[in-house]
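As structure tokens, the structure follows; a few thoughts come after it.
The values are calculated or read from the model by the stated rules, or taken from the named source; none is laboratory data. Bear in mind the structure is a predicted one, so any value in this text is a computation, not a measurement. Every residue, glycine among them, receives a Cβ derived from its backbone with ideal geometry; neighbour counts consider all protein chains shown.
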Amino acid sequence: MKILIVDDDLVDRKIIINALGGTKEARDITQTSSVKEGLAQLEHTHFDIILLDYKMPKADGIEMLYELRARNDLGNTAVVMVSASEETELALACIEAGAQDFIVKGEISQGKLQKAMVHAQKRFEIEQKMHQSYIAVKQMAERDPLTGLSNRYHFEETLKVMIANNKRTKHSIALLALDLDNFKYVNDTFGHDAGDTLLVMMVGRINGCLRQNEGFARLGGDEFAIILGGIAQINDVSVIADRILETVAEPFVLDDKEVYCGMSIGVAIFPADATKAEDLVKSADIAMYRAKQSGKNRVCYYESQFQAEFNHRYAIQTDIHECLKNERFTLHYQPIFELNSSNIVGFEALIRWPSDASKHYTPDKFIPIAEDTRQIIELGRWVFEQAVAQLKQWRSNSTIATNLSMSINVSPVQLRDEEFVSLAQQIVNDYGLPASSITLEITETAFFEDQSKIQQSLTDLSTLGFKIALDDFGMGYSSISHLMNYPIDIVKIDKSLQANQSNKSKAEMFEALVLMLSKLSFEIVAEGVEQNEQLSLCQKLEVQKGQGYLLGRPMPKTDAGKLL
Ligand code: C2E
Ligand code: CA
Ligand code: CA
């Protein structure tokens, strides 16, 4: 056993050495006469035990204990305190400071000393184990296991501390909220393990852009945050943010394939944008949301006028949730006419915000929000079921409506959902209706992302017998290739293409479009027929079907039933 004695008193050291005389411990004793010398010895030699005098000039034994126990490995040596005084309070103070045993100088004997040293070693071993498990738990509580970055909890604590410490400086703190743009695609295509690998690689790259990583945290999934202290001007932030975008834009190699994964970054500055940690986080999130909205793969800075819009969207999102839960949405039905016979051949189901709600929103306002939040999956399921049930009822009740069809608007988000196809099939089966009595209306925006998934869903639905209609054709970006590449039966010409007296070229455009679509053998539905001339033109051009305020507005189910 290697022993270090730290005692300024030569006589006391002799007493200890004599007491140990003859034992095997006595062979390996080092003596020092001050804390400073003792610590110097510990720098290069490992001792099993330190016999430490309490009372020494300059630094006393307790100070040395503090110094040792503050180290990562708790100083790695058991300590027996040796003191001239036998006060219990002093003994306790020594134990509290990290000594394992306490012995009074007047009582030193060979037996006592040996016993104290063995006890001290055992105790120290246990303390060290406890300390190690404490460190492990602390790590777990503060770190994200995949990337080793701080987790959300530790991030929030760090931000609070940094804000508190920053109050007296002239510099600002920047908070960056980062969100990967196509992470879901990576996970869906390559699997979660590959997704994890990508996250780890990405963290490595971003770390390369930062000065030190204590402010870099993974908040969950593909969401990250970075806290940058000591910001003197906005340029300090934009340099780093741009560097991050650049490095993330480089392709990642997964399964030997190059994968591109952009990033949206929102920035908020303390104290300019917010003075509290929670508010700063919220502001950075809003800015990040802005970055996503304005085309992804970019940096946006918090600007408070956007806060209002964000709050507004958030309120609608909450309302949608409530209305869904309480089944307060309703459907209106707009008749679709066969133009040569003036018969009603179908209805389009259009969702309506509860009429008794304090605020009112049109579908154009709340559907996009429901799509962003994926609430459209549940909402769409409800619409589907309601509309099919209604069709069943009309078909059974009326002799003339046995061939009636129902058009249901379907969002691209629904088409990308794994369960949509089987759900649609299930619902028509449950009501004993042929799939061909249901027309699914989709818009061209469905073809912009995840093309193969959408194509698959549409092909499956078409094979099951559902009719597919391309909605709003001719509005904004329309492409003939879409008509060719997807299983489309019906094209609905957008209401904006309806001609009016003041615009003759529009009538020509409408005519050309009808000719082309007829040549390609699509069934055509003219939307937004509001005037007699428009109806006449449609009839002259032999457009099969029409829909519009002139013919019938969207109406509650009872009115629609009477109309039938
Ligand atoms: P859309 O599919 O193009 O639906 C037709 C819209 O045009 C409806 O507006 C309808 O009220 C309106 N409309 C019908 N005839 C005329 C007309 O003669 N003149 C004019 N100016 N407008 C006419 P609404 O009900 O406000 O719906 C707007 C959009 O919201 C729909 O456009 C559709 O894209 C979406 N939407 C409505 N219900 C649902 C739904 O249940 N699910 C999904 N995913 N989207 C829906
Ligand atoms: Ca529609
Ligand atoms: Ca439409």
- [ ] Might you check whether a residue that is away from ligand 2 (no atom under 16 Å from the Cβ) and over 18 Å from THR445 (Cβ atoms) occurs anywhere in region 492-499?
- [x] yes
- [ ] Could you list all residues from region 504-562 that are among the hydroxyl-bearing types (Ser, Thr, Tyr), within 11 Å of ligand 1 (Cβ to nearest atom) and over 30 Å from SER355 (Cα atoms)?
- [x] none
Open item on the list: One residue is enough: does region 270-286 have a residue meeting the conditions part of a strand (DSSP E or B) and either at pLDDT 95 or above or touching a strand residue (DSSP E or B) at 6+ places or on another chain (Cβ under 9 Å) (or both)?
Closed with: yes
Open item on the list: Tell me the residue from GLY229, GLY221 that is more than 11 Å from LEU149 (Cβ to Cβ), in contact (Cβ under 8 Å) with a residue 12 or more places away in the chain and more than 19 Å from the chain's Cα centre (by Cα), please.
Closed with: GLY229
TODO: Sort through GLN414, GLN425, GLN386 and tell me the only one that's part of a helix (DSSP H, G or I), more than 16 Å from ligand 1 (Cβ to nearest atom) and not acidic (Asp, Glu).
DONE: GLN425
TODO: Can you tell me which residue within region 392-410, out of those that are touching a Leu at 6+ places or on another chain (Cβ under 9 Å) and of a type in the set (Ser, Thr, Tyr), is surrounded by the fewest Cβ atoms within 10 Å (Cβ to Cβ)?
DONE: SER398
- [ ] Just one of (1) touching a residue at least 24 places away in the same chain (Cβ under 8 Å); (2) over 34 Å from the mean Cα position of the chain (by Cα); (3) assigned to a helix (DSSP H, G or I) trips up SER396, so point out which.
- [x] (1)
- [ ] Please go through region 444-477 and pick out each residue that is within 13 Å of ligand 2 (Cβ to nearest atom) and either without any contact (Cβ under 8 Å) to a residue 60 or more places away in the chain or of a type in the set (Phe, Trp, Tyr) (or both).
- [x] GLU444, THR445, ALA446, ILE468, LEU470, ASP472, PHE473, MET475
TODO: Would you be able to say whether some residue in region 308-320 is assigned to a strand (DSSP E or B), in contact (Cβ under 8 Å) with a residue 24 or more places away in the chain, over 20 Å from the mean Cα position of the chain (by Cα) and within 16 Å of ligand 1 (Cβ to nearest atom)?
DONE: no
Open item on the list: Can you pull out every residue in region 97-120 that is exposed (fewer than 15 other Cβ atoms within 10 Å of the Cβ) and within 19 Å of MET56 (Cα to Cα)?
Closed with: GLY106
TODO: Scan region 406-420 and report the pairs whose first residue is within 24 Å of GLY561 (Cβ to Cβ) and whose second residue is part of a helix (DSSP H, G or I) and away from ligand 1 (no atom under 11 Å from the Cβ), with Cβ atoms within less than 6 Å and a gap of 6+ or a chain change.
DONE: MET406/LEU391
Open item on the list: Looking only at strands (runs of 3 or more DSSP E) that lie completely in region 1-82, which have at least 3 residues being under 30 Å from MET130 (Cα atoms) and at pLDDT 90 or above?
Closed with: 3-6, 49-53
Task: Verdict on GLU338 being under 25 Å from ARG218 (Cα atoms) and either modelled with pLDDT of 95 or more or away from ligand 3 (no atom under 16 Å from the Cβ) (or both) - done: no
- [ ] Residue by residue through region 488-503, note down the ones that are over 18 Å from TYR477 (Cα atoms) and either more than 15 Å from ligand 1 (Cβ to nearest atom) or polar (S, T, N, Q) (or both).
- [x] ASP489, ASN500, GLN501, SER502, ASN503
Open item on the list: Condition first: at pLDDT 95 or above, crowded, with 20+ Cβ neighbours inside 10 Å and within 31 Å of the chain's Cα centre (by Cα). Can you find one or more residues in region 444-460 that meet it?
Closed with: yes
